[in-house]
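Taking it in order: structure first as structure tokens, then the write-up.
Derivation of every value follows stated rules applied to the coordinates shown; laboratory data play no part. Just so we're clear, the structure is a prediction, and the values are computed from it rather than from any experiment. Cβ placement follows ideal geometry from the backbone for every residue including glycine, while neighbour counts extend to all protein chains displayed.
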């Protein structure tokens, strides 16, 4: 890898970002940049001073402070100064000629970068829209229709291709990295995620289909572009840039060629791979499939956690009936070994005299002996305490009655939210956490069921899910605000 001398040089223009009084330097350069955008390239220090005094927190800022800050920025290369060339009539006027200040090209790029960083929104980064790769494919295909002898046309096509590829690469990288962020990991563990699971997986699968359709076309075109052909049109676009667009007398053709040719190689490596390794697009497909697998696994774990605490009473009843049908105790022992395994096995060592020293002798062939087994805990009572067995039939009936009464009250509460056989989420007001969980469970069940439009809830009522609009709604809950798509449930 070749590193130019420019890369090794100290970049003094960035010093204003992380030094004492940075807040003052940044304000001055931001003012100069904003005026530059308004096509006002040169500023007198009085203009800068008047604009600074309008900013909150700079009430005590003096002209002396400004002179010091302007000198520092000029020394670092952030500002270019030029003395007023107006005609001076006296020596005093010549000495006191005013300076004008212009923001330097490097500082312009730094300010553009800082504005982008200041306005970054984490939730808006990246996407897997298939239109990104379709647009890149269309631009790449247009090489067949351009005149390869027209440098201007090659230059325009190359810039458009580079722009499309940059957008494609950055969006995909940002989206994948966002999914593996701690925020996304936390979202996958919530029950609310079950509502969006199917639509999100469908979004990812559509992306995979789009990749499988468009990438073979792109690979075919790139394979048909030879190295000589690539070098030829890169040389033409550099010649066009040098003699028709560039204003820099120190324009370095060799550096520009290496830069543009590296971009071309990166594009080929992105789709075709290099040195027998996987291409970036293949890794992207692998990552997307891994995301789908991770989503499915997370949804399964959430459902299992919801049902983990369910009663196993019916399973035990079935097991008891199987034991009851055993012919004898030996068959029951065999069944127990399969169902429960070894029950509390213990290894007993006997230190007494044996009748035989044969290692093949079984314990069942020797005479029995009686031994007293004492507990290892010296404080344990000598005899176990005995207790009576009480009849708890009436208590069980009372508990069952309480459970049924609670179930009935819960049913009436939920039914009270259904108006005209409809449960409209955006019309719900002041609902409890328990109500919200039940309604979301019904909604999730309705969204995930594919074999029928109608679903049956635990109270025996049939319903189906209807999405009214694509807008996001707010549900007023006792414990806060809950945002979700605009759904409603229609009951029979």
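Full extension of the segment from residue 468 to residue 343, taken as 0.36 nm per residue of separation minus the current Cα-Cα distance, would add 39.1 nm. By definition, a body whose alpha carbon gyration tensor gives a ≥ b ≥ c is prolate when a/c is 1.5 or more and a/b is larger than b/c, and segment 224-269 fits this prolate description. If you sort the three axes of the alpha carbon gyration tensor as a ≥ b ≥ c, you get a/c of 1.5 or more for segment 1-45 and a/b no higher than b/c, which makes it oblate. Efficiency by 1/(1 + (r/R0)^6): what FRET value for residue 316 and residue 456, r their Cβ-Cβ distance, R0 = 35 Å, to the nearest 0.05? Working from the Cβ atoms, E equals 0.85. Note on segment 5-117: the C-alpha convex hull projects to 9.0 nm² when averaged across all orientations. When each of 194, 437 is scored by the number of other beta-carbon atoms lying within 10 Å, the sequence from fewest to most is 437, 194. Our helix-only sum for the chain, with -39,500 (n - 2.57) per DSSP H run of n ≥ 4 divided by its residues, gives a mean residue ellipticity at 222 nm of -18000 deg cm²/dmol.
Note on residue 486 and residue 258: their simple-model spin labels are 5.8 nm apart, each label 7 Å out from Cα toward Cβ.
Percent of alpha carbon pairs in segment 421-491 separated by more than 21 Å? Tail of the P(r) past 21 Å holds 22 percent of the pairs.
Nearest-5 percent of antiparallel DSSP beta bridges in the chain? If I count the DSSP bridges inside the chain, around 95 percent turn out antiparallel. Computed from label points 7 Å out along Cα-Cβ, the spacing between residue 225 and residue 81 is 4.8 nm. Stokes-Einstein, applied to the Kirkwood radius of segment 334-492 over Cα pairs at a viscosity of 1.567 mPa s and 4 °C, places its translational diffusion at 56 µm² s⁻¹.
Taking label positions 7 Å along the Cα-Cβ direction at both residue 287 and residue 183, the computed distance is 1.7 nm, reported to one decimal.
Ellipsoid fit via the Cα gyration tensor, segment 126-273: semi-axes of 38, 18, 12 Å, each the root of five times an eigenvalue, largest first.
Per-residue extension of 0.36 nm, minus the Cα-Cα distance of residue 433 and residue 239, leaves a gain of 63.0 nm for this segment. Compute the Rg/Rh shape ratio of segment 212-363: radius of gyration over Kirkwood radius, all on alpha-carbon atoms. Taking Rg over the Kirkwood Rh, I get 1.51. Can you tell me the FRET efficiency between residue 163 and residue 479 if r is taken as the Cβ-Cβ distance and R0 is 35 Å, rounded to the nearest 0.05? After rounding, the FRET efficiency stands at 0.15. Based on the Cβ-Cβ distance of residue 377 and residue 297, what FRET efficiency does E = 1/(1 + (r/R0)^6) give at R0 = 51 Å, to the nearest 0.05? With R0 = 51 Å, the Cβ-Cβ based efficiency is 0.65. When the Cα atoms of segment 137-209 are aligned to their principal axes, the ranges along those axes come out at 60, 23, 12 Å in descending order. The stretch between residue 112 and residue 359, if pulled fully straight at 0.36 nm per residue, gains 80.1 nm over its current Cα-Cα span.
Note on the chain: the alpha carbon radius of gyration divided by the globular reference 2.2 N^0.38 Å gives 1.68.
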